[in-house]
Amino acid sequence: MPCGVATLSARLPRAPLRAWATLSGADGDPGTVGAVERTLFDAEHEMFRDSVRSFIDKEVAPHTERWEKAGIVDRELFTRAGASGFLGMAVPEDLGGGGVEDFRYNVVIAEEVQRSGVNAAGLGWTLHNDICLPYFLTLTTPEQKERWLPGICSGELITAIAMTEPGIGSDLASMTTTAIRDGDDYVVNGSKTFITNGINADLVITAVKTDPSERHAGMSLLVLERGMEGFERGRNLEKVGMHSQDTAELFFTDVRVPVANRLGEEGSGFRSLVAKLPQERLSIAVTAVAQARQALDWTLEYVKERTAFGIPIGSFQNSRFRLAEMATEIEIAQTFTDRCVLALNEGRITAEEAAMAKWWCTELAKRVVDGCVQLHGGYGYMLEYPIARAYADVRITTIYGGTTEIMKEIIGRSLGV
Ligand SMILES: Cc1cc2nc3c(=O)[nH]c(=O)nc-3n(C[C@H](O)[C@H](O)[C@H](O)COP(=O)(O)OP(=O)(O)OC[C@H]3O[C@@H](n4cnc5c(N)ncnc54)[C@H](O)[C@@H]3O)c2cc1C
């Protein structure tokens, strides 16, 4: 299932370099957010950005209302993203990918998803690229790579990662889903919940206990595939926000999973998760900053137009101060996440840095979106305004991928306290 595209740059239409320093509210209309010039991207990324933006305008935005009502995106979102070169950018070309290991391309997608206000529809896409793909890229045997990576790049194989169970989330080592070796198979029993892409996924990286008598050392990662006997999907869960995103329960009853579907060594599951979680957390942080920036952009437009007491509401000193605070905090967060992205690219990001980025940026996004709702007045509570949807969507970001409290635990431990 090749993507049919040779290199990332060959896939991209030539377009002029955009200055990100003025993040626009609408094409050709330079917005006011973005006082600090960013040096993260080069011309290739900006060309990629233009292509992603056109793709979202054409293939995502027109469907989002329908997907929000359906509680799930069409699978075609993935195959179309794959055909356009927006999946598996880091996968070697001979396996159908873009052949470029550079997380800045993932950042561009996350930012464009937020810019277009299609947050929930974009989550499964970014989860597939930013969070699941690294496991398939680095923990797989050559045979597994051949089997899975081309489909992951083409979007025919949608991925998910299942760690959380009904009884445990933060305390992963207490998980109870077991995988007991029987010949060339593991027999898997248990359940997972809150799994992003849970309904659409074809390949689910599943954290299991291959040695239930151990905590961390007893964990392994198995890939469960759509159609395996005893692997059932539960409900597509109804959530406060993120409505286009399928978030599901998964049930396993005596599922026979070949040993050939194990990622890494038996007992190495926890170590693998710890190694990959910094990228997951940075991805959430990057999204959060873009989400805050977009909320502020929408709000700036609104407060210039809406009047009270005969003047635009943005002219009140309180409004200006609130907006100034938000703009400042966003720039500070952006500077830190950009630095973390470069550190990730160079393979030197630490768990603590990623935890700092995750908790700070998601708490910031929550604060900014809440402040923006306030500045919209009653309209901020109406779902026809994108800020209202952002308010519902942003709430989860301080919880999934590790809660703010767990992030502070990670950072606190590194301080020797
Ligand atoms: C929309 C959505 C999508 C999700 N997607 C996925 C997915 O794709 N894959 C997946 O595996 N999971 C997913 N999750 C699960 C998510 O990662 C967990 O909900 C999260 O890790 C928290 O776990 P929990 O819900 O069990 O809360 P708990 O662990 O029960 O925590 C409850 C509260 O206790 C606090 N707490 C727990 N331990 C400590 C401590 N040591 N110190 C201080 N406070 C603590 C927490 O911070 C939190 O405030 C998703 C969840 C949602 C809602």
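Summary table
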{"read-out": "The chain: most fluctuating residue of GLN374, GLN291, GLN334 per GNM, C-alpha cutoff 10 Å", "value": "GLN374"}
{"read-out": "Region 310-367-region 193-272 distance, computed between alpha-carbon centres (Å)", "value": "33"}
{"read-out": "Simple spin-label estimate for GLU409 and SER54 in nanometres, 7 Å along Cα-Cβ", "value": "4.7"}
{"read-out": "GluC sites (Glu not before Pro) restricted to DSSP loop in region 294-375 with at most 10 other C-beta within 10 Å", "value": "GLU346"}
{"read-out": "For the chain, calculated [θ]222 nm from helices alone, where every DSSP H run of n ≥ 4 adds -39500 (n - 2.57)", "value": "-14500 deg cm²/dmol"}
{"read-out": "Relative contact order %, region 267-407, counting alpha carbon pairs below 8 Å whose residues are six or more apart", "value": "35"}
{"read-out": "Difference of contour (0.36 nm per residue) and Cα-Cα distance, SER213 to TYR381", "value": "55.5 nm"}
{"read-out": "Gaussian network model of the chain, springs between alpha carbon atoms under 10 Å - residue of VAL204, VAL113, VAL36 with greatest fluctuation", "value": "VAL36"}
{"read-out": "Proximal lysines to LYS358, defined as alpha-carbon separation beneath 17 angstrom and excluding residues fewer than eight positions away on the same chain", "value": "LYS276, LYS366, LYS408"}
{"read-out": "Relative contact order (%) - criterion: Cα under 8 Å, at least six apart; region: the chain", "value": "15"}
{"read-out": "Region 213-282, relative contact order [Cα under 8 Å, separation at least 6], %", "value": "46"}
{"read-out": "Those chymotrypsin sites (Phe, Trp or Tyr not before Pro) in region 310-406 that DSSP places in a loop and that have at most 16 other beta carbons within 10 Å", "value": "PHE316"}
{"read-out": "Cα→Cβ-extended label distance, 7 Å offset, between ASN345 and GLU76, nm", "value": "3.5"}
{"read-out": "Restricting region 242-329 to trypsin sites (Lys or Arg not before Pro) in coil, as DSSP defines it, with at most 16 other Cβ within 10 Å", "value": "ARG306"}
{"read-out": "Extension gain, ASP94 back to THR253 (0.36 nm per residue minus Cα-Cα distance, nm)", "value": "53.6 nm"}
{"read-out": "Using a Förster distance of 51 Å, the FRET efficiency for ALA260-ASN318 (Cβ separation, nearest 0.05)", "value": "0.25"}
{"read-out": "Computed E for LYS239/ILE311 - FRET, C-beta separation, R0 45 angstrom, nearest 0.05", "value": "0.70"}
{"read-out": "Region 164-245: C-alpha gyration tensor shape, a/c 1.5 cut-off, then a/b vs b/c", "value": "oblate"}
{"read-out": "Charge sum, other residues only, whose C-beta stays under 15 Å from THR193's C-beta, Lys/Arg counted +1 and Asp/Glu -1", "value": "-2"}
{"read-out": "Extension gain (nm, one decimal) between ASP182 and THR141, 0.36 nm per residue minus Cα-Cα", "value": "12.6 nm"}
{"read-out": "Computed label-point distance, nm, for sites ALA173 and ALA61 using a 7 Å Cα→Cβ extension", "value": "4.8"}
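Throughout, read-outs are computed from the coordinates displayed, never taken from laboratory work. What you see is a predicted model; the values in this text were computed from it and never measured. Every residue, glycine among them, receives a Cβ derived from its backbone with ideal geometry; neighbour counts consider all protein chains shown.
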